[in-house]
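Below is one structure, written out as C-alpha cells, with a few remarks after it.
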Amino acid sequence: MNSIKVKRICCIGAGYVGGPTMSVIADKCPDLEVKVVDINKERIDAWNNADLSKLPIFEPGLDLIIARTRGRNLFFSTEMEKSISEADMVFISVNTPTKTKGLGAGQASDLSWVEASARQVAKYAKGHTIVIEKSTLPVRTAQAIKEILKTTNVENQEDESTKNFSVLSNPEFLAEGTAINDLEKPDRVLIGGEDPRAVKALVDIYLKWVPKEQIICTNLWSSELSKLAANAFLAQRISSINSISAFCEATGADVQEVAKAIGTDKRIGNQFLSAGPGFGGSCFKKDILNLVYLSGHFGLPEVAKYWNQVVEMNNWQQDRIYKIVLEKLFGTVNGKNIAILGFSFKANTNDTRESPAIRISCDLLEEGAILSIYDPKVSFEKISSDLNKFSINNQGIWNIAESISGALKNVDAVLILTAWDEFYGLDWNYLASLMRSPAWIFDTRSVVSRQEIHNTGINLWKLGEGS
Ligand code: NAD
Ligand code: UGA
C-alpha cells in the first residue's frame, strides 16, 4: 500500500474548533503547512492581530501556541481558492446550528455551511484530496459530501482524471476552556473512513503526539454517531444531577454530598457531576436535538422521546432558578437591583452561546429587575447582542460592571451563574456593606461556602442545598 504524504493542510472554518485544533496540529507537526480559512474577514483579521490578547477566542494557552506557530507554518486567511487547491488534506470545521426554518426546524442540523464548504472543495481542489468532517454532523452526512464531491467533479470534465477525493470523519471532542489541554492530551482520537490510505495519512499526523492505543478507527457511520452519542451521554449526566439537585432542595439532602457519594462508584465515576444552572454551549442542545430528529427520521419515536427529556430537564432547571430568585425576593423583582456574576456558559471561555445566563437574565428583565452584569471575559457587545430583545427600545434596564464590587453596589441580590476562579473566596464582609438589606446570594455553581458569609447578614441560597 503506497502511503500518502501530506504536506499541506487547509481548514475551512476559523472558529472555536478550527482555530485551536489547527494551532495544535501546526505546533506538533512543524513540517506541515496549515492554512485556516474563513469567509468572516473580521474573524481572520482578529486571528492575525499582533496583540495576542485580541484573538477572537479566549482559550488558556492558545496565545502561546499562536505566538510559536503563526507565520511559521500556521496561516489565517480568506484565500479560499488558493488554500484549498494547494492542500492534500482539507478539514471542514464550519458551524452546524439547529435549523430555524423548513423541514426539521428546531431540531435538525442546518447543513448549509457544510454543503457550501464541500462545493468549494469540489471546485478548487487539485489531484487527490482527503476531505475530513471535523464539524459535528448527522449520521450519514459523509454520503452527501461524497455525492457533492462526485457530482461537481463530473461537471468539471477537464479535471476528472486528476481530481479525486477520500472522505473521512474525525469528530472533535475538545471542551471550551480546556481546549488546548484536550487537544494535546485527548482521551481518544476518532477516525472513521473506508479508504485505508487516507485513514493512515490522518493517523500518522496524530501519531506525532497521541499514543497509538488512543487512536480509534471505525467505519464512517460509527464515527459520526459516536460524536452525537458522546455529547448526549455527557448532557444526560448533567440533567440527571440537576434533577437530583431539585430533589435535594426539597428534602434537605445536599447535592455535593450526593454527587460525591455516587461518584466514588467506579462504574459511575466522579466527573461531570456538578449540578448547575443547566448546560449551555453551542453543542449539547443542538446535538441532542439532532439525535432526536434523526431518531424520528429512522422510525424510532421512543428513542427520540427519551433523549428529548434531557433537553426538557435542562430548560426546567433554568426556569426554576429565576422563579426561586423571584420567590425569595418577596415575589417581585420589579425595580430591584440584581448583580449577575458570570455570563459565559462556563468558566475560562468568552463564549456565551446557549449560556443559561441569557435566559435567566431575560426572565429577570421581563419581571422588571435592573441588572448589573459582570463577566471577566465577555464583551459588552456580546452581552448586548445576547440580550438584544432588551437592548432595543430600552425595555429592561441592565448595565455592565467593570468589577465584582462595582456590580454589587446597592444590589438586593447577587446571582452567580459561572464558576470563574475570581468568584471564589470573596470578601463577603466587605461586599455585604455595598448591598441593600436584606441581601441575598443565589449561588448556582457552589462557589460560596456557608462559613464565608457567616456573620455578614447575607442570606445564601445554594443550588442543590437550598437556603
Ligand atoms: P464557529 O461558529 O465558532 O466557527 C465556524 C466558522 O466557520 C465561522 O467562523 C464561519 O464564518 C465559518 N464558515 C462557515 N461557512 C464557511 C464557508 N463556507 N467557508 C469558510 N468558512 C465558513 O463554530 P465552532 O464552535 O468552531 O464549531 C464548528 C463545528 O465543530 C460544529 O459542528 C460544532 O458542533 C463542532 N464542535 C464544536 C465544539 C466547540 O467546543 N465549540 C467542540 C466540538 C465540536
Ligand atoms: C462539550 C463536551 O464536553 C466536549 O467533549 C464536546 O467536544 C463539546 O461539548 C462539543 O461538541 O461542542 P463544552 O460545551 O465546551 O464541551 O463544555 P463542557 O465542559 O462540556 O460544559 C458544557 C456545559 O455543561 C456548561 O454549561 C457547563 O457549565 C455544564 N456542566 C458541565 C455542568 O453544569 N456540570 C458539569 O459537571 C459539567
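The values are calculated or read from the model by the stated rules, or taken from the named source; none is laboratory data. Everything numeric in this text was worked out from a predicted model, so none of it was measured. Neighbour counts are summed over all protein chains in view; Cβ atoms, including those assigned to glycine, are modelled from backbone coordinates with ideal geometry. Note: accessible area is taken over every heavy atom of the protein model, side chains too, but ligands, DNA and RNA are not part of it. Shrake-Rupley method; radii C 1.70, N 1.55, O 1.52, S 1.80 Å.
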From the option list Val94, Val121, single residue qualifying as surrounded by 17 or more Cβ atoms within 10 Å (Cβ to Cβ) and part of a helix (DSSP H, G or I) is Val121
Of the residues in region 207-220, those that are closer than 14 Å to Lys134 by Cα and open to solvent by 10 Å² or more (accessible area, probe 1.4 Å) number 0
Listed by first then second residue, the pairs whose first member lies in region 356-368 and is more than 14 Å from Leu329 (Cβ to Cβ), whose partner is acidic (Asp, Glu), with beta carbons under 7 Å and at least 6 positions apart or on separate chains, are Ile358/Asp386
Inside region 262-283, the number of residues satisfying the requirement of being open to solvent by 70 Å² or more (accessible area, probe 1.4 Å) and either away from ligand 2 (no atom under 12 Å from the Cβ) or over 27 Å from the mean Cα position of the chain (by Cα) (or both) is 4
In region 225-283, anything under 25 Å from Ala357 (Cα atoms) and of a type in the set (D, E, K, R) is listed as Arg237, Glu249, Asp254
query: Within the bounds of region 190-204, is there any residue that is within 16 Å of ligand 1 (Cβ to nearest atom) and over 23 Å from Leu62 (Cβ atoms)?
result: yes
Within region 29-54, of all residues that are farther than 26 Å from Lys346 by Cβ and among the basic types (Lys, Arg), the one least open to solvent (accessible area, probe 1.4 Å) is Lys35
In the set Ser385, Ser433, the lone residue that is of a type in the set (Ser, Thr, Tyr), at pLDDT below 95 and open to solvent by 60 Å² or more (accessible area, probe 1.4 Å) is Ser385
In region 223-239, residues that are touching a residue at least 40 places away in the same chain (Cβ under 8 Å) and more than 15 Å from ligand 1 (Cβ to nearest atom) total 3
Exactly one of Val199, Val167 is outside any strand (DSSP E or B) and either modelled with pLDDT under 95 or β-branched (Val, Ile, Thr) (or both), and that one is Val199
Of those in region 98-118 that are in contact with a helix residue (DSSP H, G or I) (Cβ under 6 Å, 6 or more places away or on another chain) and of a type outside the set (A, V, I, L, M), the residue surrounded by the most Cβ atoms within 10 Å (Cβ to Cβ) is Ser109
Ile57 passes all but one of the listed conditions (1) among the aliphatic types (A, V, I, L, M); (2) surrounded by 15 or more Cβ atoms within 10 Å (Cβ to Cβ); (3) at pLDDT 95 or above; the exception is number (3)
Of the residues in region 433-452, those that are free of Cβ contacts under 8 Å to residues at least 60 places away in the same chain and among the hydrophobic types (A, V, I, L, M, F, W, C) come to Leu434, Met435, Ala439, Ile441, Val447, Val448
